[in-house]
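Participant: First the structure, then my questions, so here it is.
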Amino acid sequence: MTISRRTLLGTGAALGLLTACGSNTGRNNGSSADGKITLDHWYHQYGETGTEAAVRRYAAAYDKAKVNVQWRPGNYDQQTAAALLTDAGPDAFEVNGPTLDQIQGGQVADLTALFDGVKDDFNPAVLAPKTYGGKIWGIPQVIDTQFLYYRKSLLAAAGVQPPGTLDELVDAAKALTRDKVKGLFLGNDGGAGVLGGTPLYAAGLSLVTDDGRAGFDDPSAARTLGKLHRLYADKSLLLGAPADWSDPSAFIQGLTAMQWSGLWALPTVQKALGADFGVLPFPKDGPNAKPSVPVGAYAAAVSTRSKHQAEAKAYLKWLWVERTDFQEDFALSYGFHIPARLSLAKKAAKLREGAAADVVTYATEHGYAQPLLWTPTLQTAYQDALSRIIKDGASPDNELKSVVRRTNDELQRVKKR
Amino acid sequence: MRRPTTRRPTARRPRRVSDTTLWFWIFVGPFAAGLALFTYVPLLWSVYLSFFDAHNTVSPTDFVGFGNYTAMLRDGAFTSSLATFAVFSLFIVPATYALALGLALMVNRTRRFQAFFRSVFFLPAACSYVVAALIWKLSIFSGVRFGLANTVLGWFGADQTAWLSTTHPPWYWLVIVTVRLWLQAGFYMILFLAGLQRISPRLYEAAAVDGARPGWQVFRHITFPQLRTTSIAVVLLLVINAFQAFDEFYNLLSDARGYPPYARPPLVYLYYTALGQGQNLGMGSAGAVILALIIAVVTVFQARWFGLGRKEAD
């Protein structure tokens, strides 16, 4: 049979068309060869070595469904937020939230029933932001907390005591700044992103009051935030480091004498510096204030777009409620995190000594969680204002007035929904 | 003896219209469908969304009319993003224009290795904006002492500078502008080279006969006027590209916690509004429509001002 040029081209085009119309969306069709349901479970990319292998091992141990773990680098929050709008998103996913808009928008499933009999064993500080309308929308996986690392030898050489107040922190950072070493690293943006509400809580205030209004409509808020500009103006802050605040590299490499980072980085710091470091909460500011330690928890949630919601819930219950051995392993074997279950946190030997024990004490005594009503819109508005205060020396009073107005408007909006 | 054969004219079968149409759609159809599906439908859907309260949904029900538009125009962050664009275009458009034209003139005059230099200057255009931004951020303009720029300045006793975090003076503009300049100057150089090669040598010969001095005089009275249409196209493209700036801004300045308010161009702001955790797709869409209208108006105004399409004789 002779194939003419026209036939060949036509066949090729037709095949191309068929291929283009195929259903390869990158997502499986929901069932595997052995008849089990397949669930897609998304995680954000953790920095700690071994975490990815661990979650794949947990998934492989689940025998009621095949779990396809997706380990997603990049802007995970944006990826999941966009994926939840489509049917191509995950069944179960890790989320830095869920946010109020995601809950109100019906994007995440109600997981309250999974907590039957164990609700009281979850740390109430991190369970509260997962609760809305009396229902729980995410299972806290582990508690993450942030605090100040300081290098004991550098402080001793400069004759500086570990700072107990914000004024002392500003003075210490200045005294510790040398030619090649800066006093403090709060992130490459000067702290606007990572500090968030921490300085406000250190001033005895809050982001949102119990009756749902801006919690920083107070002159002491402006006074405290203004002190952060002094750090910048004094040139005490490390800026433009290759790795940002969440990575302890700048602290370990001696680029800074003090760094704001997380508990997850503690094993790396310990390995590099031995006993030559200490930890502190964010120092208090003002007469009635107290030290401040942000706590938060990534949660496991189920997408309401999932075709296998019941199966996804059963799987999450198995992993994050029943398998306490996996939860302990996930919290403590790769980096350090505080288990979200009170019973696990109490018996975790690695958190009972040294700096880790100090951190657990700070988080217990001074921990605050960002309220659920603090929406991403407010986060951006506040962060912008903080950036202008820190870097541009903008008037904290004027900046905060605008954010207070925006906060109260936004809180009205979310209450109406 | 063979009789000469007379070739009978073969009656060609008239091509059926349906055949032609079928093949047209087989070849063009997939692309047309892709264009409609991935460009026109989202575009129209975005216009539709802009009239609704669309938090975390692409199928909203709460009609708000022009509410999103007025909110967007009153939003200080959006208007400041337009100001950021204005500053950026003020830097990048003349700088790219001058550098690309300079390179084109230089390469055009080169008699040896012209193809080599053309390729070398064009090569950065093939580099990803993301990769280039990361090289600029982590290697050249890193804020610590071992960044390339700080190392060089250190030789002369200068303090280390946090290039991307310093707002007074705003050193971040140096980083943003140089990375884009490096990436796009070669492309526009090629456009100018094409323009230069279209200029008739007779004009230069006539100028020489009339006593014009080679160099600035010839450039001013012959080369530059002859590049008018190329210049108009280049400026139009540069302004539109500046409006669409995203990759280098985003990769140079964002971190896991967000983006600083300074140097936030419109597309980055709309990205955070619509696709960030806030997922305000109504506001984001309204912003996108406003931005598209601004680009269209500026382009039309600019084209008319430059006399795009006007005959050379005019």
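Participant: Need one number: buried accessible surface between chains B and A, 1.4 Å probe, both sides summed, DNA, RNA and ligands left out, in Å² to 100.
Facilitator: Numbers: alone 20180 and 19160 Å², together 35890 Å².
Approximately 3500 Å² gets buried when B meets A.
Participant: Using every Cα-Cα pair within the protein assembly as shown, state what percent have a distance larger than 47 Å.
Facilitator: When all Cα pairs of the protein assembly as shown are counted, 31 percent exceed 47 Å.
Participant: I'd like the FRET efficiency for A:ASN398 and B:PHE116, computed as 1/(1 + (r/R0)^6) with the beta carbon distance as r and R0 of 41 Å, rounded to 0.05. Spell out each step's value before the answer.
Facilitator: Numbers: r = 57 Å, r/R0 = 1.40.
FRET efficiency, A:ASN398 to B:PHE116: 0.10.
Participant: Could you give the accessible area per residue of the stretch A:140-226, probe 1.4 Å, as a whole number in Å²?
Facilitator: Dividing the accessible area of the stretch A:140-226 by its residue count gives 35 Å².
Participant: Excluding residues on the same chain fewer than 8 positions from A:LYS401, give the lysines whose Cα lies under 22 Å from its Cα.
Facilitator: A:LYS227, A:LYS391, A:LYS415
Participant: Additional query: From the backbone phi of the stretch B:136-148, what are the Karplus-calculated ³J(HN,Hα) couplings (6.51 cos²θ - 1.76 cosθ + 1.60, θ = phi - 60°) in whole Hz, Gly and Pro given as x?
Facilitator: 4, 6, 8, 9, 7, 10, 4, x, 9, 5, 9, x, 4
Participant: Next question. What residues does the stretch A:375-397 have that are buried by at least 30 Å² of accessible area in the full protein assembly compared to the chain on its own, 1.4 angstrom probe?
Facilitator: A:PRO376, A:GLN383, A:ASP384, A:SER387, A:LYS391, A:ASP392
Participant: Here is a further query. Report the local net charge at B:PHE187: Lys and Arg +1, Asp and Glu -1, summed over other residues whose C-beta lies under 14 Å from its C-beta.
Facilitator: +2
Participant: Using amide H atoms built in the peptide plane, which far-off residues or other-chain residues are under 5 Å from A:VAL67 H to H?
Facilitator: Hits under the 5 Å cutoff: A:LEU39.
Participant: As a test of reading the structure, rank A:ASP101, A:ASP116 by solvent-accessible area (1.4 Å probe, protein chains only), most first.
Facilitator: These residues rank, largest area first, as A:ASP116, A:ASP101.
Participant: Grab the other residues whose beta carbon is less than 13 angstrom from that of A:GLN253, score K and R as +1, D and E as -1, and report the net.
Facilitator: Net local charge, A:GLN253 excluded: +3.
Participant: Check which residues have an amide H placed less than 5 Å from B:ASP62's amide H, if you skip close sequence neighbours.
Facilitator: Those qualifying (amide H under 5 Å, at least 5 residues apart or on another chain) are B:ASP53.
Participant: How about the stretch A:66-102: which of its residues lose at least 30 Å² of accessible area in the presence of all protein chains relative to their chain isolated, using a 1.4 Å probe?
Facilitator: A:ASN75, A:ASP77, A:GLN78, A:ALA81, A:LEU85, A:ASP101
Participant: Under a cut-off of 25 Å between alpha-carbon atoms, report the lysines in cross-link reach of A:LYS313, not counting same-chain residues fewer than 8 places apart.
Facilitator: Within the straight-line cut-off, A:LYS313 pairs with A:LYS36, A:LYS64, A:LYS66, A:LYS119, A:LYS130, A:LYS135.
Participant: Please tell me the relative contact order of chain B in percent, rounded to the nearest whole number, where contacts are Cα pairs under 8 Å and at least six residues apart.
Facilitator: About 27 percent, as a whole number.
Participant: Rg(Cα) of the stretch B:23-168 divided by 2.2 N^0.38 Å?
Facilitator: 1.64
Participant: Tell me the accessible surface of B:MET283 in square angstrom (1.4 angstrom probe, heavy atoms of protein chains only), to the nearest ten.
Facilitator: Around 30 Å² of this residue is reachable by solvent.
Participant: In whole percent, how big is the carbon plus sulfur part of the accessible area of the protein assembly as shown, probe 1.4 Å, protein atoms only?
Facilitator: Accessible surface attributable to carbon and sulfur in the protein assembly as shown totals 59 percent.
Participant: Hey, another quick one. For the stretch A:263-417, what's the radius of gyration and Dmax over Cα atoms, in angstrom?
Facilitator: For the stretch A:263-417, the Cα-based Rg and Dmax read 20.1, 55 Å.
Participant: Given a 1.4 angstrom probe, what's the average accessible area per residue across the stretch B:12-96, in square angstrom?
Facilitator: 64 Å²
Participant: Same structure, new question: Regarding the stretch A:48-167, what is the average projected area of its C-alpha convex hull, in nm²?
Facilitator: 12.3 nm²
Participant: Using only Cα positions of the stretch A:167-253, each an equal point scatterer, no hydration layer, compute I(q)/I(0) via Debye at q = 0.14, 0.20 Å⁻¹ and quote the log10 values to two decimals.
Facilitator: The calculated log intensity ratios at q = 0.14, 0.20 Å⁻¹ are -0.55, -0.94.
Participant: Give me the net charge for the shell around B:CYS127: Cβ to Cβ below 15 angstrom, other residues only, Lys and Arg +1, Asp and Glu -1. If you can, show how the numbers build up before the last one.
Facilitator: Values: positive: B:LYS137, B:ARG180; negative: B:ASP247, B:GLU248.
Computed value for this residue: 0.
Participant: For the stretch B:196-205, in order, what is each residue's ³J(HN,Hα) by Karplus, 6.51 cos²θ - 1.76 cosθ + 1.60 with θ = phi - 60°, in whole Hz (x at glycine and Pro)?
Facilitator: Each residue's phi maps through the Karplus curve to give 5, 6, 7, 6, 5, x, 4, 4, 5, 5 Hz.
Participant: Among A:GLN327, A:GLN141, A:GLN45, which one shows the biggest mean-square fluctuation in a GNM of chain A, springs joining Cα atoms closer than 10 Å?
Facilitator: Result for chain A, Cα springs under 10 Å: A:GLN45 fluctuates most.
Participant: Now for a different question. Taking H as built 1.01 Å from N, whose amide H comes closer than 5 Å to the amide H of A:ILE143, not counting residues under 5 places away?
Facilitator: The answer is A:ILE338, A:ALA340.
Participant: Now for a different question. Calculate the spin-label point distance for A:LYS415 paired with A:LYS290, positioning each point 7 Å from the Cα along the beta-carbon direction, and give it in nanometres.
Facilitator: About 2.7 nm separates the two model spin labels.
Participant: With respect to the cross-link table entries A:LYS152/B:LYS137; A:LYS284/A:LYS347; A:LYS180/B:LYS137, which display a Cα-Cα separation exceeding 27 Å?
Facilitator: Exceeds cut-off: A:LYS152/B:LYS137; A:LYS284/A:LYS347.
Participant: Right, something else. Each label point is 7 Å from the Cα along the Cα-to-Cβ direction; what then is the distance between the points at B:ALA208 and B:ALA32, in nm?
Facilitator: So the two model labels end up 5.4 nm from each other.
Participant: Given the options B:ASP19, B:ASP210, B:ASP75, state which has the largest fluctuation in a GNM of chain B using a 10 Å cut-off (strictly under) for Cα springs.
Facilitator: Highest fluctuation of the listed residues: B:ASP19.
Participant: Still on this structure, I have one more. Using the Karplus curve 6.51 cos²θ - 1.76 cosθ + 1.60 with θ = phi - 60°, work out ³J(HN,Hα) for each residue of the stretch A:361-375 in order, rounded to whole Hz, and write x for Gly and Pro.
Facilitator: Each residue's phi maps through the Karplus curve to give 4, 4, 5, 6, 7, 10, x, 9, 10, 5, x, 4, 6, 7, 6 Hz.
The values are calculated or read from the model by the stated rules, or taken from the named source; none is laboratory data. As the structure is a computational prediction, the values presented were derived from the model and not from experiment. Counting neighbours? That spans all protein chains shown, and the Cβs are built from the backbone with ideal geometry, glycine included. Areas reflect the complete protein model, heavy atoms only, side chains present, ligands, DNA and RNA absent. Shrake-Rupley method; radii C 1.70, N 1.55, O 1.52, S 1.80 Å.
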